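Report on the structure given below.
The values are calculated or read from the model by the stated rules, or taken from the named source; none is laboratory data. This is a predicted model, so every value here is computed, not measured. We place every Cβ from the backbone using ideal geometry, glycine too, and count neighbours over all the protein chains shown.
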Amino acid sequence: MSKSTTVLITGIGLGIAKVYLSRPNHIVICSVRSAKTDVSDLKAVSKASDSKLILVYIESTSKTDPTQAVADVKAAGVDHLDVLIANAGGMPEANKPLLELGPDELCWSVQVNAAAPLLVLQAFLPLLQKADSPRFAVISSTSGSIEFMKNISSFIFPGYGAAKATLNWLTMGVHLSQEWLTTLVIHPGLVQSEPGNWVAKQIGMAEAPTTIEQAAEGVVNAITNATRESVGGKFLSTSDGSVLPW
């Protein structure tokens, strides 16, 4: 049997996991916050031949969970990682206006949306280095684009936008400093998830325009076809194929 393609998706990423598990000979590792997280839908996803699901626990504010997750996947027989998708993220529960944003809310958002993906990358680096063509993808947002702020008034989500801008900066730094690694910064579109629909309503839309299935297919296709030359140093919108401004 050929070498399995191993993928880690933080923050569950049910739609993305479905796409990868539908492909044969894939090991899909999904991280959830804790053993109390409901993963029944994830476990029920049909799997192609020789594909399997592994669950690990990574809470985005934990400094030790990523290291433990590495130990857990190694114990499950994983010896390399082809794709790391930093999908976990979140918006501060109290989305305060910019001039009311406090340090606690801002620091929480940066921890969850920017520092946590970096910690996961650092922990899984040795496994990525054992892959033939390793890829590191972060799920970002147009809210993190400074240039786009004047188009979409993303300053109404200040903690989230600033954190995603930080994530973009960190990922560009990874791209420039790690020439062996293909990195992707992805905006999957405004997705019909619970937070995506909430954001859509804040900007006057009935619901988000991109379905979860469309977003997942776009993300997976972009990662599958990615080369360092084609995507490195770019901010990609996988919903329409455009390159976004930083």
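Please verify whether segment 184-204 includes one or more residues that are crowded, with 17+ Cβ neighbours inside 10 Å, in contact with a Lys or Arg (Cβ under 6 Å, 6 or more places away or on another chain) and β-branched (Val, Ile, Thr).
No, segment 184-204 contains no residue that is crowded, with 17+ Cβ neighbours inside 10 Å, in contact with a Lys or Arg (Cβ under 6 Å, 6 or more places away or on another chain) and β-branched (Val, Ile, Thr).
Which one of these is of a type in the set (Gly, Ala, Ser) and free of Cβ contacts under 8 Å to residues at least 24 places away in the same chain: 131, 165?
165
Could you check segment 191-246 and list, in sequence order, the residues that are under 23 Å from residue 152 (Cα atoms) and among the β-branched types (Val, Ile, Thr)?
Result: 191, 199, 203, 210, 211, 212, 219, 238, 243.
Looking at residue 98 and the list (1) touching a Pro at 6+ places or on another chain (Cβ under 8 Å); (2) surrounded by fewer than 16 Cβ atoms within 10 Å (Cβ to Cβ); (3) of a type outside the set (Asp, Glu); (4) closer than 21 Å to residue 63 by Cα, which single condition is not satisfied?
Every listed condition holds for residue 98 apart from (4).
Condition first: over 22 Å from residue 148 (Cα atoms), in contact with a Leu (Cβ under 8 Å, 6 or more places away or on another chain) and part of a helix (DSSP H, G or I). Can you find one or more residues in segment 180-202 that meet it?
The answer is no, given that none of the residues of segment 180-202 is over 22 Å from residue 148 (Cα atoms), in contact with a Leu (Cβ under 8 Å, 6 or more places away or on another chain) and part of a helix (DSSP H, G or I).
For segment 50-73, does any single residue satisfy the condition of being in contact with a Pro (Cβ under 7 Å, 6 or more places away or on another chain) and of a type in the set (S, T, N, Q)?
Looking for residues that are in contact with a Pro (Cβ under 7 Å, 6 or more places away or on another chain) and of a type in the set (S, T, N, Q), one finds at least one in segment 50-73, hence yes.
Can you say whether residue 183 is touching a Phe, Trp or Tyr at 6+ places or on another chain (Cβ under 6 Å), of a type outside the set (D, E, K, R) and more than 16 Å from residue 240 (Cβ to Cβ), as far as the supplied structure shows?
So residue 183 fits the description; yes.
Those residues that are among the small types (Gly, Ala, Ser) and within 19 Å of residue 85 (Cα to Cα), I need them from segment 23-67; list them, please.
Result: 31, 34, 51, 60, 62.
Those residues that are surrounded by fewer than 19 Cβ atoms within 10 Å (Cβ to Cβ) and in contact with a strand residue (DSSP E or B) (Cβ under 8 Å, 6 or more places away or on another chain), I need them from segment 15-36; list them, please.
23, 25, 33, 34, 35
Which numbered condition trips up residue 246, out of (1) buried (at least 17 other Cβ atoms within 10 Å of the Cβ); (2) in contact with an Asp or Glu (Cβ under 7 Å, 6 or more places away or on another chain)?
All conditions pass for residue 246, except number (1).
Touching a strand residue (DSSP E or B) at 6+ places or on another chain (Cβ under 7 Å), in a helix (DSSP H, G or I) and modelled with pLDDT of 90 or more - does that describe any residue in segment 230-246?
Yes, the conditions are met somewhere in segment 230-246.
Quick check on residue 172: is it over 17 Å from residue 90 (Cβ atoms), modelled with pLDDT under 90 and aliphatic (A, V, I, L, M)?
For residue 172, the condition - over 17 Å from residue 90 (Cβ atoms), modelled with pLDDT under 90 and aliphatic (A, V, I, L, M) - is not met.
What are the residues in segment 112-128 that are crowded, with 17+ Cβ neighbours inside 10 Å and of a type in the set (S, T, N, Q), if any?
Correct list: 113 only.
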